[in-house]
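Where a number appears in this text, it was derived from the coordinates with a stated rule and is not lab data. Everything quoted here is computed from the prediction, not taken from an experiment. So basically every Cβ, Gly included, is an ideal-geometry build from the backbone, and we count neighbours across all protein chains shown.
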Amino acid sequence: MSMHNDTLKQLSDKLANKDISSVELTQHCIDRVNRYDDKLNTFITLDEEFALAQAKAADARIAKGEANAMTGLPIAQKDIFCAKGMKTTCASKMLDNFIAPYDATLITQFNNAGCVLFGKTNMDEFAMGSSNENSFYGDCQNPWDLDCVPGGSSGGSASAVAARLVPASTGTDTGGSIRQPAAFCGITGLKPTYGRVSRYGMIAFASSLDQAGPMAQTAEDAAMMMNVMAGFDPKDSTSVNRPVEDFTAKLNHPLKGLTIGLPKEYFVEALNPEIARVLHEAAKVLESLGVTLKDMSLPHTDMGIPVYYVIGPAECSSNLSRFDGVRYGYRCENPVDLDDLYCRSRGEGFGPEVKRRIMMGTYALSSGFYDAYYTKAQKVRRMMKQDFVEAFKTVDYILCPSTPSTAFREGEKCDDPISMYLADVFTVAANMAGLPALSMPAGFVKGLPVGAQLIGNYFDEAGMLNVAHQYQQATDWHTKIPEMFL
Amino acid sequence: MDAKGIRRIARLARLSIHDDDIPSYAEKMTKLLELADKLQAVDVSQCEPLSHPLEITQPLRADEVTEVDQRELFQTLAPEVERGFYLVPQVIEQE
């Protein structure tokens with residue numbers, strides 16, 4: 001059986017035609033996880049019985065003619081989304097014993113569509129990291145080279161889809177956590193506009209930046225998932241109340257007449273020249289499809305990492321204050337008093353990177369430093385946003401690399417947080433501005449995938465997916481599967 | 001950022017840190033602050049802070065009860081409870 005070579009769209013058609021059942025498909029994915037996941041460590045939790053029961057229910061729904069395009073499809077969920085009755089850990093010792101008492105809105109949406117909740121994927125602890133090396137449940141590997149990281153923080157979600165253990169997954173993106181692992185693993189990952197997808201029940205990291213999105217083989221599959229995920233949720237105060245379109249409707253529009261900008265700040269010395277070559281080839285493909293290319297500038301690009309590493313930690317230090325060892329989560333042994341209970345529960349429950357970011361954020365928000373760091377970063381953030389507002393007056397989309405290098409080796413950047421943070425140098429800007437952005441496979445350098453990033457204007461996910469889909473009609477990079485997992 | 005600074009911030013953040021780890025935290029925090037200090041090079045005198053990327057305000061809803069009481073369910077997750085209360089080490093001195 002070769003179901004794992006199929007995209008969501010192909011599987012959806014096969015389910016509709018009754019060529020396969022959801023139970024067969026789900027069992028096939030379970031078999032692949034059991035066969036391969038000891039090499040990759042992509043899943044923290046996989047409840048096989050639960051998944052098969054949902055698959056059975058989906059088959060019944062299909063038989064009754066009550067299915068939609070997503071019914072019966074197994075989707076892996078990043079272990080940052082609460083799923084009722086299921087362990088939800090955020091890859092932290094702090095939540096190792098946490099059974100979520102409710103469903104995140106995103107989980108409810110996939111359940112309502114009849115999807116199979118196919119396990120909870122590995123990630124960097126509390127989504128803080130770019131390599132999946134900060135997980136309490138161990139590192140996750142890149143299927144293209146098991147000595148390399150899959151990227152992060154949504155590393156398990158990216159690796160599982162790249163190895164075709166599951167046809168698609170979800171991720172969250174605060175500074176690049178969907179797009180960077182998507183690029184490293186050779187899949188398509190979309191960070192929607194801030195506020196497009198509900199964050200209710202998604203464990204918070206940095207509230208002015210976090211956004212959930214699809215991680216899939218193709219732009220078409222990501223569009224199908226967006227039809228499930230996007231939309232206003234009164235339970236999330238940052239959710240945008242705005243009608244949602246059919247994200248698949250525009251996929252086949254011709255690209256003629258579109259202008260795509262190439263920002264000079266992204267084609268700099270820090271960029272691996274081989275990746276620059278891949279990006280220029282991708283630009284040529286788009287040109288051949290009728291797009292006009294335009295050189296452009298985003299002058300404050302180099303401020304992205306400093307702004308991100310003030311705002312992200314500041315907001316995380318506030319969000320993670322809820323973990324106190326009292327109401328849920330880890331509690332230290334034999335606390336001598338309440339203060340000892342707080343300090344040791346948090347000191348023992350959080351890993352080193354999370355503690356570092358909490359401390360950085362605490363410092364940036366502390367009396368006497370608030371204006372110099374947090375307020376200053378918010379002001380520079382506005383300038384970064386303004387760069388994009390100006391840019392979108394003359395271009396429809398922006399094309400740039402997703403990452404400055406291909407996947408790096410495990411351990412390579414562990415001792416130097418700054419070099420690790422620079423892995424996000426090309427992805428953070430879209431989070432600062434709240435813009436939608438995606439990464440799509442555009443080639444290989446020395447056997448490792450390269451991601452091309454498209455950044456679009458606010459709420460133009462459908463248009464970006466159109467560009468990516470047309471690119472994927474003209475290229476076959478997105479169809480490549482690592483040999484070990486064929 | 002020296003050892004004293006790390007202890008002060010760890011205290012503010014209610015994080016216990018092993019003494020052995022303090023030099024490593026100090027070294028990495030210093031690098032992080034150097035990174036953050038790059039912001040000082042930008043002139044932001046004409047600029048207001050951006051706190052919401054779409055610059056919309058928080059919506060308000062009617063002040064009505066929307067959640068049902070699930071105390072028992074939630075307390076099954078707590079490390080220690082008694083008669084509906086969350087237990088912590090004693091904070092009020094006995095006479």
Out of curiosity, is residue B:72 at the interface with another protein chain (Cβ under 7 Å from one of its Cβ atoms), charged (D, E, K, R) and surrounded by fewer than 15 Cβ atoms within 10 Å (Cβ to Cβ)? no
Expected single match for touching a residue at least 60 places away in the same chain (Cβ under 8 Å), in contact with a Pro (Cβ under 6 Å, 6 or more places away or on another chain) and hydrophobic (A, V, I, L, M, F, W, C) among A:29, A:90, A:115 is A:29
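Taking the condition of being at the interface with another protein chain (Cβ under 7 Å from one of its Cβ atoms) and touching a Leu at 6+ places or on another chain (Cβ under 7 Å), how many residues in the range B:1-20 meet it?
Just the residues of the range B:1-20 that are at the interface with another protein chain (Cβ under 7 Å from one of its Cβ atoms), to begin with: B:9-10, B:12-17.
Now narrow it down to the ones that are touching a Leu at 6+ places or on another chain (Cβ under 7 Å): none.
Within the range B:1-20, residues that are at the interface with another protein chain (Cβ under 7 Å from one of its Cβ atoms) and touching a Leu at 6+ places or on another chain (Cβ under 7 Å) number 0.
Residue-wise test of (1) closer than 26 Å to residue A:431 by Cβ; (2) of a type in the set (Asp, Glu); (3) free of Cβ contacts under 8 Å to residues at least 12 places away in the same chain.
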residue	(1), (2), (3)
B:3	no, no, no
B:11	no, no, yes
B:17	no, no, yes
B:22	no, no, no
B:34	yes, yes, yes
B:42	yes, no, yes
B:45	yes, no, yes
B:51	yes, no, yes
B:54	yes, no, yes
Restricting attention to the range A:430-456, the residues that are closer than 17 Å to residue A:260 by Cα, out of contact with any Pro (no Cβ under 6 Å at 6 or more places or on another chain) and within 12 Å of chain B (Cβ to nearest Cβ) number exactly 2
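Taking the options A:57, A:100, name whichever one is in contact (Cβ under 8 Å) with a residue 24 or more places away in the chain and under 28 Å from residue A:129 (Cα atoms). Talk me through it step by step, then tell me what you get.
Details: A:57 fails: under 28 Å from residue A:129 (Cα atoms).
From the options A:57, A:100, the qualifying one is A:100.
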Of (1) surrounded by fewer than 16 Cβ atoms within 10 Å (Cβ to Cβ); (2) touching a residue at least 24 places away in the same chain (Cβ under 8 Å); (3) over 23 Å from residue A:266 (Cα atoms), residue A:482 satisfies every one except (1)
Go through the range A:210-320 and tell me which helices (runs of 4 or more DSSP H), entirely inside it, have 3 or more residues that are of a type in the set (Asp, Glu). A:273-288
Note down all Cβ pairs under 6 Å where the first residue falls in the range B:76-95 and is farther than 22 Å from residue A:85 by Cα, the second is of a type in the set (D, E, K, R), and they're at least six residues apart or on different chains. B:87/B:80; B:89/A:337
Evaluation of residue A:416 against (1) without any contact (Cβ under 8 Å) to a residue 60 or more places away in the chain; (2) surrounded by fewer than 21 Cβ atoms within 10 Å (Cβ to Cβ); (3) under 19 Å from the mean Cα position of the chain (by Cα) (one fails), failing number: (3)
Tally, over the range A:453-465, of residues that are crowded, with 24+ Cβ neighbours inside 10 Å and either among the acidic types (Asp, Glu) or under 20 Å from residue A:149 (Cβ atoms) (or both): 2
Scan of the range A:324-355 for residues that are surrounded by fewer than 23 Cβ atoms within 10 Å (Cβ to Cβ), in contact with a helix residue (DSSP H, G or I) (Cβ under 6 Å, 6 or more places away or on another chain) and touching a residue at least 24 places away in the same chain (Cβ under 8 Å), ordered by number: A:330, A:351
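Taking the stated definitions as given, is residue B:44 over 30 Å from residue A:329 (Cα atoms) and at the interface with chain A (Cβ under 7 Å from one of its Cβ atoms)? Spell out how you get there, then give the answer.
Values: over 30 Å from residue A:329 (Cα atoms): yes; at the interface with chain A (Cβ under 7 Å from one of its Cβ atoms): yes.
Criteria met by residue B:44.
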I'm trying to understand the selection: among the residues of the range A:317-341, which are more than 7 Å from chain B (Cβ to nearest Cβ) and under 13 Å from residue A:93 (Cβ atoms)? A:323, A:329, A:330, A:332
